[in-house]
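Chemist: Okay, here's the structure, questions in a sec.
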Amino acid sequence: MYLFRLALASLSNRRFTAFLTVLAIALSACLLLAVERVRTEAKASFASTISGTDLVVGARSGSVNLLLYSVFRIGNATNNIRWDSYTQLAENPKVKWAIPLSLGDSHRGYRVLGTNQAYFEHYHYGRNQALKLSEGKPFEDIYDVVLGAEVAEALHYKLGDHIVLAHGVSTISLVEHGDKPFTVVGILARTGTPVDRTLHISLEGMEALHVDWQNGAPARGEGKISAEQARQLDLTPKAITAVLLGLNSKVATFGLQRAINEYRGEPLMAILPGVALQELWSLMGTAEQALFIVSLFVVLTGLIGMLTAILTSLNERRREMAILRSVGARPWHIFSLLVAEAFALALAGVVSGLALLYVAIAIAQAPVQAYYGLYLPLEWPSRYEWTLLGGILIAALLMGCVPAWRAYRQSLADGLSVRL
């Protein structure tokens with residue numbers, strides 16, 4: 001213990017160099033933990049987005065692309081599904097429930113989803129948790145809209161507010177459906193999934209928005225249909241974007257998937273959400289590992305900086321080592337002193353890095369969740385994170401043995417007379 005106190009006193013005498021070394025280790029440890037925390041939470045967030053859905057059906061494309069635009073609201077569909085194909089799927093005796101999804105519009109950068117009441121009844125997330133309304137009720141009228149928690153919070157909407165939806169999915173749209181405003185009738189409880197960043201309207205409401213559109217552009221003059229006139233029309237959709245299916249029996253999943261993939265009416269594709277999610281993570285695995293390796297090299301750089309600082313000071317401290325030898329210190333005491341200094345620097349860096357991580361999470365938690373939908377909890381480090389921190393300390397001890405061995409050899413040779 002006295003050696004550790006002596007090491008701290010020595011570092012205090014070189015406080016500026018010690019501070020820079022601790023700062024370098026702290027920043028590298030913080031980066032390593034931040035990368036690991038983001039990776040873990042992103043994976044958990046993706047995995048908890050959808051639960052209890054057996055098949056996702058969309059136009060034939062890639063399984064990852066279908067999963068991204070139908071569940072995560074990322075990207076766009078290559079094509080739509082005809083309404084009669086959806087009705088055949090919904091009426092299949094193997095299907096317990098079907099949730100139609102219609103995408104394509106937005107509001108101030110947030111996606112608009114057209115669906116029906118089955119969405120609020122059967123869509124589950126996390127560990128089979130159902131959607132709940134924190135305020136209001138599900139949509140009933142054509143021009144009702146139910147907001148995700150993040151949309152309501154970020155845009156400061158409340159029940160009864162009127163909003164105008166825009167065509168397309170860009171943050172700034174030049175074409176708005178200003179003649180058909182929607183009224184906020186419900187706000188969903190927070191889920192930590194893309195549901196929070198979505199505005200939900202009925203399929204009829206989605207159809208009403210585009211009932212007077214021709215060739216991808218709104219009608220002008222006499223061809224324009226008002227909101228009240230649209231109510232009198234048949235607003236059954238002609239096409240939708242995707243369908244979520246829940247089956248009566250899990251045994252029938254693969255058989256129905258094969259039947260959908262071989263459907264002759266139009267090119268369709270059915271995927272299992274879990275399998276597609278694993279494929280997504282396998283595609284991202286290389287980038288994920290590369291980022292982790294870069295973080296490890298940053299930590300290594302910080303430890304090498306510590307090693308350099310101690311080695312650089314050795315020649316200046318030869319008189320100090322000689323004086324310690326004169327008062328009875330043995331060579332192994334000198335060795336232990338240098339190792340203790342390296343450990344103290346690494347320990348201070350790790351603790352500071354951990355504190356820096358929590359400060360960064362506390363500051364960035366809200367904006368990261370708002371803009372990226374990623375929730376970073378302020379929780380105690382996981383076992384794996386403790387392992388990483390322990391690895392940093394062990395690496396620091398091993399590196400500390402290099403200057404310690406040199407000091408050990410010098411203390412044997414120098415004695416009391418030091419050449420300056």
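The values are calculated or read from the model by the stated rules, or taken from the named source; none is laboratory data. Remember, predicted model here, so these are calculated numbers, not experimental data. When we count neighbours, we look across all protein chains shown, and the Cβ atoms used for this are built from the backbone with ideal geometry, even at glycine.
Chemist: Among residues belonging to the stretch 86-97 that are in a helix (DSSP H, G or I) and not hydrophobic (A, V, I, L, M, F, W, C), point out the one that is nearest to H167 (Cα to Cα).
Modeler: Y86
Chemist: If I filter the stretch 87-124 down to residues being crowded, with 20+ Cβ neighbours inside 10 Å and closer than 18 Å to L272 by Cα, which single residue comes out as farthest from the chain's Cα centre (by Cα)?
Modeler: L89
Chemist: Restricting the stretch 274-293 to residues that are polar (S, T, N, Q) and farther than 21 Å from L388 by Cβ, which is surrounded by the fewest Cβ atoms within 10 Å (Cβ to Cβ)?
Modeler: S282
Residues checked against (1) in contact with a helix residue (DSSP H, G or I) (Cβ under 9 Å, 6 or more places away or on another chain); (2) without any contact (Cβ under 8 Å) to a residue 60 or more places away in the chain; (3) assigned to a strand (DSSP E or B); (4) over 15 Å from V195 (Cα atoms):
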site: D84; (1), (2), (3), (4): no, no, no, yes
site: S102; (1), (2), (3), (4): yes, no, yes, no
site: V112; (1), (2), (3), (4): yes, no, yes, no
site: R127; (1), (2), (3), (4): no, no, no, yes
site: S134; (1), (2), (3), (4): yes, yes, yes, no
site: F139; (1), (2), (3), (4): yes, no, no, yes
site: Y157; (1), (2), (3), (4): yes, yes, no, yes
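Chemist: When the residues of the stretch 62-82 are filtered to those that are small (G, A, S) and touching a helix residue (DSSP H, G or I) at 6+ places or on another chain (Cβ under 7 Å), which remaining residue is modelled with the highest pLDDT?
Modeler: Across the stretch 62-82, the extreme among qualifying residues is S63.
The rows are residues; the columns are (1) modelled with pLDDT under 95; (2) part of a loop (DSSP other than H, G, I, E, B); (3) not assigned by TED's automatic domain parsing to the domain that holds E207.
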| position | (1), (2), (3) |
| --- | --- |
| I99 | no, no, no |
| I142 | yes, yes, no |
| V151 | yes, no, no |
| S170 | yes, yes, no |
| K180 | yes, yes, no |
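Chemist: Related question: Taking the stretch 45-76 on its own, how many of its residues are under 24 Å from K250 (Cβ atoms), small (G, A, S) and assigned to a helix (DSSP H, G or I)?
Modeler: Selection size over the stretch 45-76: 3.
Chemist: Is there any pair linking a residue in the stretch 342-365 that is in contact (Cβ under 8 Å) with a residue 60 or more places away in the chain and assigned by TED's automatic domain parsing to the domain that holds T387 to one that is not in a helix (DSSP H, G or I) and not hydrophobic (A, V, I, L, M, F, W, C), with Cβ under 9 Å and at least six apart or on different chains, and which?
Modeler: L354/P381; L357/P381; I361/P377
Chemist: Related question: Can you name every residue in the stretch 80-114 that is within 24 Å of G255 (Cα to Cα) and of a type in the set (S, T, N, Q)?
Modeler: Correct list: N80, S85, T87, Q88, N92.
Chemist: Scan the stretch 192-213 residue by residue and report those that are modelled with pLDDT under 85 and within 28 Å of the chain's Cα centre (by Cα).
Modeler: G192
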